[in-house]
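Scroll down for the structure; my scribbles are underneath it.
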Amino acid sequence: MTVNLLDYDLEGLAAFCDRLGEKRFRATQLFRWIHQKGASNFDEMTDLAKALRDKLKASACVQGLEVTAQHISSDGTIKWLFDVGGGNAIETVFIPEDDRGTLCVSSQAGCAVACRFCSTGHQGFSRNLTTGEIVSQLWFAERFLRQHLVRQDRVISNVVMMGMGEPLQNYAALIPALRVMLDDHGYGLSRRRVTVSTSGVVPMIDRLAVDCPVALAVSLHAPNDALRDNLVPLNRKYPIAELLDACHRYLEHAPRDFITFEYCMLDGVNDQPEHARELIELVRVRNKGTAWCKFNLIPFNPFPASGLTRSPSAQVIAFSRILGEAGIVTTIRKTRGDDIDAACGQLAGDVQDRTRVGERIAQQRTVMLRPVAAFDTVPGKS
Ligand code: SF4
């Protein structure tokens, strides 16, 4: 059986090479070819002995996902739609900023958590992605961006597991994928620059702290259980108090000294001054005050099935000010890629209706790539 080497972290690749009768340093060479140079053809790997290349050709491949559409926003944001088979599609988004290039990566086709404000949640759950499918998103994007920006150095400086899916409900595939991202022979990203975003799978937060403690973001979205039960149904299983306890335990292992709370601003639902004040009381702890967390206020991206609307800017600013006055570092997320539906919560916009996904993918194939000059404005890692 042909194995896809994108499915392996370095340890897995070493075990595979061992089965081929090859030494560990060969696995390191191979890993660097795949992830640092973006190679997919074994004949390109000129420092590998021909006998090894022949063995690899007979038993392995480096097979990325098929891109079915690419959209480039006027602000430089790029969204790719990947076909993962069975009528399922996932999305990956590259967000360039002055001092960084962030890739938003999906972990599942669909999502079972069913948050009310999330179009992926409304789509339902299809399946977990494999490690190779998670890694492929970074492998493809880094290769693509370097080629089109005519750069040799790394373009993607940050990865956020904030695309489609709840990453901690696909734990077995997630951990090797994170290791590929962090490995100095792979993408060499620091643990501070890789963020797992979770809706609050408490036992898995504890496991992540031990297995691969990267930066953590928690989708909070409500200051009390009654409201959060409604917005994030997983809260009924892991209520806020348990979630916050898990966050404090995580901080003992985290690469940053804070947890980021994501808070989607929903008009008249969770965006009132009393909600902000309730949040302050919720996160305030003895000895630490509120300095252990940051808030990221996210403008909601409306979609018809949600029945929800975006909070007015003035409401978001007022909310932010109340948190800020309590000493909580609060940012309001800029909307990016609005013209291509790339913002969070819209990742599944084109694939909500799974019965029509094949038809939609077929339509998406006709999307034209913009000329290479369009990338001139895309800043990369400083
Ligand atoms: S917000 Fe995240 S966890 Fe909630 S339904 Fe959407 S993808 Fe799933």
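For the options MET265, MET204, MET181, a Gaussian network treatment of the chain with springs between C-alpha atoms closer than 10 Å singles out MET204 as fluctuating the most. The ranking of ARG336, ARG151 from fewest to most other beta carbons within 10 Å of each one's beta carbon is ARG151, ARG336. Across the range 230-344, C-alpha contacts under 8 Å between residues 6 or more apart give a mean separation that, scaled by the residue count, equals a relative contact order of 26 percent.
Angle, helix 171-182 long axis vs. longest principal axis of the chain, Cα atoms, 0 to 90°, nearest 10? That helix lies at roughly 70 degrees to the long axis. Working from Cα pairs under 8 Å separated by at least six residues, relative contact order for the chain is 20 percent.
Can you give me the angle between helix 50-59 and the longest principal axis of the chain, using Cα atoms only, in degrees from 0 to 90, rounded to the nearest 10? The angle comes out at about 60 degrees. Rounded, prolate or oblate, given the Cα gyration tensor of the range 75-118, with a/c below 1.5 counting as rounded? Taking the square roots of the gyration eigenvalues as a ≥ b ≥ c, the range 75-118 is oblate.
How would the chain be classified by its alpha-carbon gyration tensor: rounded, prolate or oblate, with rounded meaning a/c under 1.5 and the a/b versus b/c comparison settling the rest? Prolate shape, in that a/c is at least 1.5 and a/b is the bigger ratio.
I'd like the orientation of helix 202-211 relative to the chain: the angle between its Cα long axis and the longest Cα principal axis, in ° from 0 to 90, rounded to 10. Long axis of 202-211 versus the principal axis of the chain: about 40 degrees. Taking 0.36 nm per residue of separation and subtracting the Cα-Cα distance, full extension of the segment from ALA291 to ASN230 would add 19.2 nm.
Spin-label model, GLU252/GLN272: points 7 Å from Cα along the beta carbon direction are separated by 3.9 nm. Taking every DSSP beta bridge that has both ends in the chain, the antiparallel portion is near 45%. Partners of LYS294 within straight-line reach, counting aspartates and glutamates whose Cα lies under 18 Å from its Cα and excluding those fewer than 8 residues away in the same chain: ASP245, GLU252, ASP257, GLU262, ASP271, GLU278, GLU281, GLU325. Taking a ≥ b ≥ c as the square roots of the eigenvalues of the alpha-carbon gyration tensor, the range 39-143 is classed oblate because a/c is 1.5 or more while a/b is no larger than b/c.
None of the figures in this text is laboratory data; all of them are computed from the coordinates on show. All of these numbers come straight from a predicted model, not from anything done at the bench. So basically every Cβ, Gly included, is an ideal-geometry build from the backbone, and we count neighbours across all protein chains shown.
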